[in-house]
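To start, the structure under review is shown below, and the notes come after it.
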Amino acid sequence: MKGIMKTNMKIKMNVSIAILLALTIVAGCGSKNEGASTISPSPTPSASVTTSPTATPSAGTTPATTSPAATATGKPSSNPVTSPAASSTPTKNGAVQVIAKPESITALVNKMNSLPSSYEPTDLVYPNIAFTFSEKIDKRKMRQVAATAIEKLFAGAAKDGVPLAGVSAYRSYATQKSLFEAYVKKDGEEKAKTYSAVPGTSEHETGLAIDVAGSNGKCAASDCFGGTKEAIWLEKHASEYGFIIRYPQGKAAITGYQYEPWHLRYVGTDIAKEIQSKNVTMEEYYHTVPVSK
């Protein structure tokens, strides 16, 4: 009996040892495939890998995305586009936004995006071009980059037999305020807003915009300028020098302003050429909502 019991005990021990060895082997095999077998079926992507297409960039920051110009041309733009949403912060009423980077040459300035009331360009100069007046005053000034470009544009126009003259360039916040208030007294606020900007929302305050006319000064900043040889030349060639017709014909519902073939805005050649080729406004280029009147 003792011999039989010893034999049975040995068998049980051998079986136990065999079972333990088998479990050890299975456990070892499982650990080799842990990385694949434990992946969550719906993992949360890392913020450094995937960016939500609807994410709103923080105010005052430049999104790390390719500019519209770079996407279309396949190469980086020399004047990177700044997203209006990224370059402005909402005011208390949630309607008009204050532009956080007013010095950007691509800043979108309109009825919904205002420059800070204290903003004044630091690089204003007098471009070497003809004006319809002789006084050396603020409205002859432009920012350096725009002044250099407008000199080249005027030279190009003259070469083509279309001499031009400047009418009005830079305006301070205070000047725009006085001008707008005068128009309101003359035509009422609703009418004034169709052709004049509330202070802070005028492109003239950027130092990047200028109203032009023919060298004789006729039809300066007037409807009759449309269709003139000067207006036709500007529409065709302004983008070659980095300027756009900021308020094109038939786009008032988008820009908030009537057609102004005399109003040029500097944005840089890459963006200007793309806007001109697509026949769009700055609002459409940035994919923003139309401006309310």
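The values are calculated or read from the model by the stated rules, or taken from the named source; none is laboratory data. Please read all numbers here as calculations on a predicted model, not as lab measurements. As a convention, Cβ positions derive from the backbone with ideal geometry for all residues, glycine included, and neighbour counts pool all protein chains shown.
Restricting to region 162-185, name every residue that is in a loop (DSSP other than H, G, I, E, B) and surrounded by fewer than 22 Cβ atoms within 10 Å (Cβ to Cβ).
Val162, Pro163, Ser172, listed by residue number.
Among the candidates Gln97, Gln144, which residue alone is of a type outside the set (Ser, Thr, Tyr) and at pLDDT below 95?
One residue alone meets the criteria, Gln97.
Take the residues of region 189-218 that are more than 17 Å from Tyr257 (Cα to Cα) and modelled with pLDDT under 95: which is surrounded by the fewest Cβ atoms within 10 Å (Cβ to Cβ)?
Applying the filter and picking the extreme gives Asn216.
With the structure loaded, tell me whether His263 is part of a helix (DSSP H, G or I) and touching a residue at least 40 places away in the same chain (Cβ under 8 Å) or whether it fails that test.
Taking the combined requirement at face value, the residue does not satisfy it.
Does region 139-155 contain any residue that is free of Cβ contacts under 8 Å to residues at least 24 places away in the same chain, in contact with a helix residue (DSSP H, G or I) (Cβ under 6 Å, 6 or more places away or on another chain), hydroxyl-bearing (Ser, Thr, Tyr) and surrounded by 14 or more Cβ atoms within 10 Å (Cβ to Cβ)? Let's see the steps before the verdict.
Of region 139-155, the ones free of Cβ contacts under 8 Å to residues at least 24 places away in the same chain are 144, 147-148, 155.
Okay, now just the ones that are also in contact with a helix residue (DSSP H, G or I) (Cβ under 6 Å, 6 or more places away or on another chain), so none.
The answer is no, given that none of the residues of region 139-155 is free of Cβ contacts under 8 Å to residues at least 24 places away in the same chain, in contact with a helix residue (DSSP H, G or I) (Cβ under 6 Å, 6 or more places away or on another chain), hydroxyl-bearing (Ser, Thr, Tyr) and surrounded by 14 or more Cβ atoms within 10 Å (Cβ to Cβ).
Can you pull out every residue in region 266-288 that is under 27 Å from Lys141 (Cβ atoms) and either of a type in the set (A, V, I, L, M, F, W, C) or under 14 Å from the mean Cα position of the chain (by Cα) (or both)?
The answer is Tyr266, Val267, Gly268, Asp270, Ile271, Ala272, Ile275, Thr281, Met282, Glu283, Tyr285, Tyr286.
Six or more apart or on different chains, Cβ under 8 Å: which pairs go from a residue in region 224-252 that's in contact (Cβ under 8 Å) with a residue 60 or more places away in the chain to one that's of a type in the set (Ser, Thr, Tyr) and buried (at least 20 other Cβ atoms within 10 Å of the Cβ)? Could you list them?
Gly242/Tyr266; Phe243/Tyr266
Being closer than 20 Å to Gln276 by Cα and among the acidic types (Asp, Glu) is the filter; apply it to region 193-243 and report the residue that is farthest from the chain's Cα centre (by Cα).
Per the criteria, the residue is Glu230.
What about Tyr126, is it in contact (Cβ under 8 Å) with a residue 24 or more places away in the chain, of a type in the set (Phe, Trp, Tyr) and closer than 23 Å to Gly214 by Cα?
For Tyr126, the condition - in contact (Cβ under 8 Å) with a residue 24 or more places away in the chain, of a type in the set (Phe, Trp, Tyr) and closer than 23 Å to Gly214 by Cα - is not met.
Out of all the residues in region 277-293, which are part of a helix (DSSP H, G or I) and either out of contact with any Lys or Arg (no Cβ under 9 Å at 6 or more places or on another chain) or of a type in the set (Ser, Thr, Tyr) (or both)?
Ser277, Lys278, Tyr285
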